[in-house]
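The values are calculated or read from the model by the stated rules, or taken from the named source; none is laboratory data. Everything quoted here is computed from the prediction, not taken from an experiment. Backbone-built Cβ (ideal geometry, glycine too); neighbour counts: all protein chains shown. With ligands, DNA and RNA removed, areas are computed over all heavy atoms of the protein, side chains included. Shrake-Rupley method; radii C 1.70, N 1.55, O 1.52, S 1.80 Å.
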Amino acid sequence: MAITNRRKFLKGLALGAFSAPFFSKKLLVFHDQTDREKKGEMFYRRLGRTDLQISEISLGGSPIPDWAILTQIVERGVNYIDSSHSYSNGNSERTIGRLFKEMGRDKLYVGTKFHARRNWNEQTILKSVEGSLKRLQTDHIDVLLIHGVDNEETLTDERVLSAYDKMRKQGKFRFTGISCHSNHHKVVKKAIECGHYDMVQLGYNVFDIEDTDEEQDIETYDDYLGTSGIRQLISLAKSKDVGIIAMKTLKVAGKRQNLETYKTEDSSIFQIMLKWALSNTNIASVVTEILTFEQMEEDLAVVHHPLTARERSALYRFVAENSKDYCHMCGQCELHCPEGVKTTTILRYLAYYEGYEKHDRAKRDYQSLRPEERAPSCQNCGRCEGLCPYGIAIRQKIHYAHTQLV
Ligand code: SF4
Ligand code: SF4
């Protein structure tokens, strides 16, 4: 989340009204109170069959906030932090290790990750997790996830399962999980159905509102371009008791601009997005980056107030006006590019650059792609755009990304 933009946005909140002509009382759906437990000022939900009761707002560990903010966030009831061996060169895990030492290991849960891509095997997984345990200064990880799975074969690969098995016997983690940024329809579905994974962390964003959802009376947006299928995957997870943590909930389409026009008298568009995600009771928590005290107040406040009709109306307008710029990371274009251009990946890095304003990270990630995977290898065949269910101008966007990220 861009600090400056969110700060400016909060300061800019002013009284204003937006009519809600599209919404009936049926849309006033909020948290199912029976699924939430309140302790102090935070609400907690069960993370599927892990049985962990985690805070409705959890903290993203890339980057991790300064110490004073971090301790406040935990004291305010956030009890789940998402990390990875790779975040901030291990400093994310080191800082969480300090938290465990100073605030108590039982004060919070950590989910951290290993990679299973590019030159990996069982030994690299075991070594990666050993490093995580050392940095975290703990003898066990609460949820051990495979980082950014983009193909379903990885989920049942013998090397992964064997590594998990060995570490489980040694008590090095409690629960399994995956994070998924693309190719959700295959990867998340298999992760839920194969039985090896207790939870899934996946992107869930207002642009995933659907026009064919079984609950369409609640979530129909007439001019939405297509169907992401994410909500059905989340419902499937619920049916198998696989926990869901939503991420990328505050991702916006294209540049962060004119977001103030979507505020209501009570909430910023970011708060509305968080409330919308939490209104899905099949989600245990929304993981979000919090880097300032203002962001902390903004994000933690949402658990106390239901999404109103006026806020849904603002959301409707936001989606209607911006969905053409929003890549859902379905992965279809990248899977089928005959030249091997990493289109989905490049669009993700462009989102880091434009949406989250993480310029250094976006450039570093893009430059780590092999030359043949970058935009100049595109031969302009148009296949990707023919496959995109959302009408994204992929060629124009990847070439633009290249000009910004090299
Ligand atoms: S237009 Fe370019 S990026 Fe798209 S499929 Fe063809 S070669 Fe790949
Ligand atoms: S550009 Fe379209 S096809 Fe490619 S990942 Fe994004 S939504 Fe999917």
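Just a few scattered comments:
- Some residue of the range 324-341 being within 16 Å of ligand 2 (Cβ to nearest atom) and in contact with a strand residue (DSSP E or B) (Cβ under 9 Å, 6 or more places away or on another chain): yes
- Just one of the numbered conditions (1) more than 15 Å from Ser55 (Cβ to Cβ); (2) in a helix (DSSP H, G or I) is not true of Leu291: (2).
- Single condition Leu225 does not satisfy, out of (1) at pLDDT below 85; (2) farther than 22 Å from Ser313 by Cα: (2)
Conditions tested, residue by residue: (1) at pLDDT 95 or above; (2) of a type outside the set (Phe, Trp, Tyr); (3) surrounded by fewer than 22 Cβ atoms within 10 Å (Cβ to Cβ); (4) assigned to a loop (DSSP other than H, G, I, E, B).
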position: Thr34; (1), (2), (3), (4): no, yes, yes, no
position: Lys38; (1), (2), (3), (4): yes, yes, yes, no
position: Arg49; (1), (2), (3), (4): yes, yes, yes, no
position: Arg98; (1), (2), (3), (4): yes, yes, yes, no
position: Thr112; (1), (2), (3), (4): yes, yes, no, no
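- Residue satisfying condition, being within 15 Å of ligand 1 (Cβ to nearest atom) and under 22 Å from Trp276 (Cβ atoms), within set Cys388, Cys384, Cys327: Cys327
- Among residues that are touching a residue at least 24 places away in the same chain (Cβ under 8 Å), charged (D, E, K, R), open to solvent by 30 Å² or more (accessible area, probe 1.4 Å) and more than 15 Å from ligand 1 (Cβ to nearest atom), Glu357 is included.
- Count - residues of the range 307-318 that are assigned to a loop (DSSP other than H, G, I, E, B) and either of a type in the set (Ser, Thr, Tyr) or near ligand 2 (Cβ under 10 Å from one of its atoms) (or both): 1
- Within the range 360-381, restricting attention to residues that are among the charged types (D, E, K, R) and within 15 Å of ligand 1 (Cβ to nearest atom), the residue that is least open to solvent (accessible area, probe 1.4 Å) is Glu373.
- In the range 61-88, of all residues being hydrophobic (A, V, I, L, M, F, W, C) and in contact (Cβ under 8 Å) with a residue 40 or more places away in the chain, the one that is nearest to Lys107 (Cα to Cα) corresponds to Val78.
- Scanning the range 362-381 for residues that are among the small types (Gly, Ala, Ser) and more than 29 Å from the chain's Cα centre (by Cα) returns a single hit, Ser377.
- The residue that is nearest to ligand 1 (Cβ to nearest atom), counting only those in the range 312-324 that are open to solvent by less than 20 Å² (accessible area, probe 1.4 Å) and either small (Gly, Ala, Ser) or farther than 11 Å from Val206 by Cβ (or both), is Ser323.
- Options Glu294, Glu385, Glu321, Glu298; residue that is within 15 Å of ligand 2 (Cβ to nearest atom) and not polar (S, T, N, Q): Glu385
- Test: residue in the range 353-360 that is in contact with a strand residue (DSSP E or B) (Cβ under 6 Å, 6 or more places away or on another chain) and within 16 Å of ligand 2 (Cβ to nearest atom): no
Condition check ((1) assigned to a helix (DSSP H, G or I); (2) surrounded by fewer than 21 Cβ atoms within 10 Å (Cβ to Cβ); (3) at pLDDT 90 or above; (4) not assigned by TED's automatic domain parsing to the domain that holds Asp82) across all residues:
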position: Val286; (1), (2), (3), (4): no, no, yes, no
position: Gln295; (1), (2), (3), (4): yes, no, yes, no
position: Glu298; (1), (2), (3), (4): yes, no, yes, no
position: Pro338; (1), (2), (3), (4): no, yes, yes, yes
position: Thr344; (1), (2), (3), (4): yes, no, yes, yes
